[in-house]
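Shown next, in structure tokens, is the structure this report addresses.
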Amino acid sequence: MINVLFVCLGNICRSPMAEAVFKHLVEKENLSGKIQVDSAATSSWHIGDSPHKGTITKLKEYNISTEGMVGRQLDKTDFEKFDYIIGMDASNVTNIREMLGQPDHPKIIRFLDLTDHKKDVPDPYYTGDFQETYDLVIEGCQALLDKVNIDQDLHR
């Protein structure tokens with residue numbers, strides 16, 4: 001089983017959006033039995049909270065479920081459990097590395113470094129632009145799924 005973790009600051013906007021979109025893509029590719037997905041926060045602000053209403057609304061537009069998702073904080077055991085730890089921006093990646101005590105491990109990746117954008121995913125909690133975030137998340141999730149398929153040869 002391949003385990004993928006998306007991480008942002010609060011685990012209510014970007015990382016749950018990426019978790020939901022990636023799960024949706026994994027299901028479409030019939031890889032649910034091979035890939036598990038979760039999300040977490042670097043902060044403790046929204047532990048136990050549902051995704052942000054903007055995230056839920058945007059995902060509903062595309063028939064992508066957030067059912068059962070609740071915010072949680074990143075934990076040191078996550079480094080052992082997850083094969084890919086995806087930070088939504090450079091600050092998240094720095095915090096992940098510090099929190100997990102892994103200053104330069106290749107399993108910790110800035111999300112859009114997998115795409116041609118090579119930039120941070122803007123936080124819609126502050127920008128209010130959930131469509132921009134969704135568009136970037138779709139592109140990043142497809143790139144990540146391609147990477148996981150290549151790395152792991154999942155269609156064997």
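Within the range 114-132, residues that are within 20 Å of residue 42 (Cβ to Cβ) have Cβ atoms under 7 Å from residues that are small (Gly, Ala, Ser) in these pairs: 114/140; 114/143; 120/90; 124/54; 125/10, counting only partners at least 6 apart in sequence or on another chain.
Of the listed requirements (1) within 23 Å of residue 26 (Cβ to Cβ); (2) out of contact with any Ser or Thr (no Cβ under 6 Å at 6 or more places or on another chain), residue 90 misses just one: (1).
If the condition is being surrounded by fewer than 24 Cβ atoms within 10 Å (Cβ to Cβ), small (Gly, Ala, Ser) and part of a helix (DSSP H, G or I), then the range 1-35 contributes no residue at all. Going through (1) β-branched (Val, Ile, Thr); (2) more than 16 Å from the chain's Cα centre (by Cα); (3) surrounded by 15 or more Cβ atoms within 10 Å (Cβ to Cβ) one by one, residue 42 falls short only on (2).
We did not get these values from a lab; they are worked out from the coordinates using the rules stated. As the structure is a prediction and not an experimental result, all values here were calculated from the model. So basically every Cβ, Gly included, is an ideal-geometry build from the backbone, and we count neighbours across all protein chains shown.
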